[in-house]
Amino acid sequence: MTNVLTYGTFDILHYGHIRLLQRAAALGDHLVVAISTDEFNAVKHKQSYYPYAVRKEMLEAIRYVDEVIPERDWGQKVDDVKRHHIDIVVMGDDWRGDEHFEALKAYCEVVYLPRTSGISTTQLKGDIDAGEAAIHPDD
Ligand code: C2G
């Protein structure tokens, strides 16, 4: 049984998030997603559109996700890995080399997956405000 863990805000879900979750789930048997609380988002200087409860509800509806837990602070990751018997922590490669994840290499494998280009929650918000239609994801 290979347990996989990933972290994120996952606000206004889009195909970049889904493709990350799909690839993370493919690395093991059980995918745990630690989703940032609204309070932790403030620490990350992020204001999510959806509150934690809604973001959690949407993630739990995704077939690749087996379990959702709260991400309350930067310091919980080692405990998360131990408590959930995590074998692999997966993040998009915008996090490659980040101390918070590099430190986990003493406890489990850490995998950085290529981000999906051309999509982000910030871009979505901007395009919607400007009345722009989405370009085809694979354009
Ligand atoms: N992601 C991706 N491709 C995109 C957008 C996001 O692969 N086009 C990945 C990110 O690299 C991340 C995950 O999807 O691994 C969630 O992205 P965010 O919700 O933006 O999460 P973030 O704010 O990076 O929070 O402790 C770590 C933080 O909680 C991560």
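The values are calculated or read from the model by the stated rules, or taken from the named source; none is laboratory data. Bear in mind the structure is a predicted one, so any value in this text is a computation, not a measurement. Reconstructed Cβ throughout: ideal geometry from the backbone, glycine too, with neighbour counts over all protein chains shown. Note: accessible area is taken over every heavy atom of the protein model, side chains too, but ligands, DNA and RNA are not part of it. Shrake-Rupley method; radii C 1.70, N 1.55, O 1.52, S 1.80 Å.
Observations
- Classified by the C-alpha gyration tensor, region 51-139 has a prolate form. Its axis ratio a/c, with a ≥ b ≥ c, is 1.5 or above, and a/b is larger than b/c.
- In the context of the full set of protein chains, residues of region 26-139 present 61 Å² of accessible surface per residue (probe radius 1.4 Å, heavy atoms only).
- Shape of region 10-94, Cα gyration tensor, a/c cut at 1.5: oblate
- Here the accessible area is traced with a 1.4 Å probe on the protein chains. For region 59-139, carbon and sulfur cover 48 percent of it.
- Three-way shape label, region 1-50, alpha-carbon gyration tensor, a/c 1.5: oblate
- Lys pairs under 25 Å by Cα in region 12-132, provided they are eight or more residues apart or on distinct chains: 13
- Computed packing ranks the peptides 27-36, 80-89, 59-68, 122-131 as 27-36, 80-89, 59-68, 122-131, most packed first, by mean other Cβ atoms within 10 Å.
- Basic side chains Lys and Arg get +1 at the Cβ, acidic Asp and Glu get -1 at the Cβ, and with that the dipole of the chain about its Cα centre reaches some 160 debye.
- Selection from Ile18, His84, Gly8 lying farthest towards where the dipole of the chain points positive, charges on Cβ: His84
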